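Step one of this worksheet: look at the structure below.
The values are calculated or read from the model by the stated rules, or taken from the named source; none is laboratory data. As the structure is a prediction and not an experimental result, all values here were calculated from the model. Virtual Cβ from ideal backbone geometry, glycine too; neighbours counted across all protein chains shown.
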């Protein structure tokens, strides 16, 4: 097992990475302090891993709620099912919520934990690559709104993140590829050497070779842990973690949550960020092609839906990084060095949007 720590003072917690962790009673004893536990999972993951986790939690009072699967269900209405379960099970402030699933489950379970009785403990037990390298770490929780992604939420740090890499064996190939988009992101914003490593080991990652997957998860979490420790609530540098997300969230919102996987939308968005970075004179054309080629090799989309530049810009205006009416974007000064900027010519952004989303209807 590998261990990393998020350094946030009294809110610090470990990230535990390795195979077989869901049934490791000794490990879970340290990660889950509560005697009363509500496991939040979904209808896809529950048949695969719920009983395994319960065995690891033997000796506690364990209840579970299974949510419908899919980004389209990441709503306040679905969230109410978690609150109902907490109340029905008479869970108190000393209870713990465990999120067993991907990013949607983690975001909703964490938000419920942040709100229930003004805050209870929760533990992330991510079962997708995307969740293991990104959404389970850092304390962002929330749900979507028809007007934009993740507009309703809270910062609430988990007590621990337990990433059992064995769960990735049952992950559909499309979900695995979507998770690789977030892995690639870390190389693009913070570590060109890691980007080189991803390019060299991509085939092994797609085959889920254990050593490669563990290294990819660990390095991704190392980058994110360092950034979150510096900027827990995204007042500055943490926004770097959103490379491709402002463009990608526009795709997800415009197409209806669920048609595009989050990682797929982020992949297309990262190529748009590279395109704009090139138009601003920061990236060479060969570097944009390098990004595109890697995404294609990973089986990720590089072509956005033709929703029109005007509609895309409207949706991007609801992004949480907008300040004083200015859309701040995560761009690349070079490969391996991201930056957050609202200081770019509007015409350059428009050209990128038209190139990828098409002209307004």
Going by what's in this entry, would residue 250 be described as farther than 30 Å from residue 166 by Cβ and either in contact with a strand residue (DSSP E or B) (Cβ under 9 Å, 6 or more places away or on another chain) or in the same structural domain as residue 302 (by TED's automatic domain parsing) (or both)? yes
Filter result (assigned to a helix (DSSP H, G or I), under 23 Å from residue 1 (Cβ atoms) and more than 20 Å from the chain's Cα centre (by Cα)) within the range 196-211: 197, 201, 204, 210, 211
Of the numbered conditions (1) in contact (Cβ under 8 Å) with a residue 60 or more places away in the chain; (2) surrounded by 15 or more Cβ atoms within 10 Å (Cβ to Cβ); (3) part of a helix (DSSP H, G or I), residue 193 fails exactly one; give the number of that condition. (2)
Return yes when residue 110 is surrounded by 24 or more Cβ atoms within 10 Å (Cβ to Cβ) and touching a helix residue (DSSP H, G or I) at 6+ places or on another chain (Cβ under 8 Å) and no when it is not. no
When you go through (1) under 21 Å from residue 187 (Cα atoms); (2) modelled with pLDDT of 95 or more; (3) over 20 Å from the mean Cα position of the chain (by Cα) one by one for residue 330, which number turns out not to apply? (3)
Which listed residue, of 222, 252, 264, is touching a residue at least 12 places away in the same chain (Cβ under 8 Å), closer than 15 Å to residue 312 by Cα and within 15 Å of the chain's Cα centre (by Cα): 252
What residue, of 336, 342, 317, 325, is touching a helix residue (DSSP H, G or I) at 6+ places or on another chain (Cβ under 8 Å) and assigned by TED's automatic domain parsing to the domain that holds residue 183? 336
How about the range 5-23: which of its residues are surrounded by fewer than 13 Cβ atoms within 10 Å (Cβ to Cβ) and at positive phi? 9
